[in-house]
Amino acid sequence: QVQLVESGGGLVEAGGSLRLSCAASERTFSLYGMGWFRQAPGKEREFAAAISLGGANTVYLDSVKGRFTISRDNAKKEVYLEMSSLKPEDTAVYYCAADPTGAGSANIKSYLYWGQGTQVTVSS
């Protein structure tokens, strides 16, 4: 069982930046691909970014490419999402998730473990 705890959300003006962090309890964290998903009110949860177990491969939602950067520190058992040039449409609850295949894909069905989420609100 992997426990994930997100932090770093908050209220920011459009054009601003935030850094989300996700801390994992599992000592085998380095074997998991990791992803960030988001869910806006009234909408389905959607993929935002993912990273493979070693960090060599990353994938992003088209609308966040060039603005969001996912990274991980396997020694600290943490994954990060650096968000810049934020837009009001980025407002959502952001969740980190663990993919036991290690791939870190955009497919939500690949993810077995989920955090509780952190709220990101971007004001216009």
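In the assembled protein chains, residue 121 presents an accessible area of approximately 50 Å² (probe radius 1.4 Å). What you get for region 31-86, charging only the Cβ of Lys and Arg (+1) and of Asp and Glu (-1), is a dipole of about 60 debye around the Cα centre. Close amide H partners of residue 57, meaning residues 5 or more places away or on another chain with modelled amide H under 5 Å apart, are 52. Computed from the alpha carbon atoms alone, the convex hull of the chain holds 88 Å³ per residue.
Comparing 103, 10, 40 along the charge dipole axis of the chain, the residue lying farthest to the positive side is 103, per the Cβ-charge model.
Charge tally around residue 50: other residues with Cβ under 14 Å, Lys/Arg +1 each, Asp/Glu -1 each, net +2. Using a probe of 1.4 Å on the protein chains alone, the accessible area found for residue 19 is around 120 Å². Across 108, 51, 70, mean-square fluctuation computed from a Gaussian network of the chain (C-alpha pairs under 10 Å connected) peaks at 108.
Working note: Karplus 6.51/-1.76/1.60 with θ = phi - 60° gives region 4-13 the couplings 10, 10, 8, 7, x, x, x, 9, 9, 6 Hz, where Gly and Pro are set to x. The residues neighbouring residue 63, those whose beta-carbon lies less than 10 Å from its own, together hold a net charge of -1 under the Lys/Arg +1, Asp/Glu -1 convention.
Taking every protein chain into account, the accessible area of the chain amounts to 50 square angstrom per residue (probe 1.4 Å). Rounded to the nearest 20, the Cβ-based charge dipole of region 12-106 about its Cα centre (Lys and Arg +1, Asp and Glu -1) stands at 140 debye.
Karplus-based coupling profile of region 17-30, in residue order and whole Hz: 10, 8, 10, 8, 10, 9, 9, 10, 8, 7, 6, 9, 3, 5, with θ = phi - 60° in 6.51 cos²θ - 1.76 cosθ + 1.60 and x standing for Gly or Pro. Shown in residue order for region 75-82 are the 3J(HN,Hα) couplings computed by the Karplus curve 6.51 cos²θ - 1.76 cosθ + 1.60 at θ = phi - 60°: 5, 8, 6, 9, 10, 10, 9, 8 Hz (x for Gly and Pro). Shown for the chain: the carbon plus sulfur share of the solvent-accessible area, taken with all protein chains present and a 1.4 angstrom probe, equals 48%.
Using heavy atoms of the protein chains and a probe of 1.4 Å, the accessible area assigned to residue 61 is about 40 Å². Database remark: amide H of residue 16 closer than 5 angstrom to the amide H of 86 (H placed geometrically; neighbours at sequence offset of 5 or more, or on other chains; Pro and chain starts carry no H).
The values are calculated or read from the model by the stated rules, or taken from the named source; none is laboratory data. Just so you know, these numbers come straight off a predicted model, no measurement behind them. Please note: Cβ atoms are built from the backbone with ideal geometry, for glycine as well, and neighbour counts cover all protein chains shown. With ligands, DNA and RNA removed, areas are computed over all heavy atoms of the protein, side chains included. Shrake-Rupley method; radii C 1.70, N 1.55, O 1.52, S 1.80 Å.
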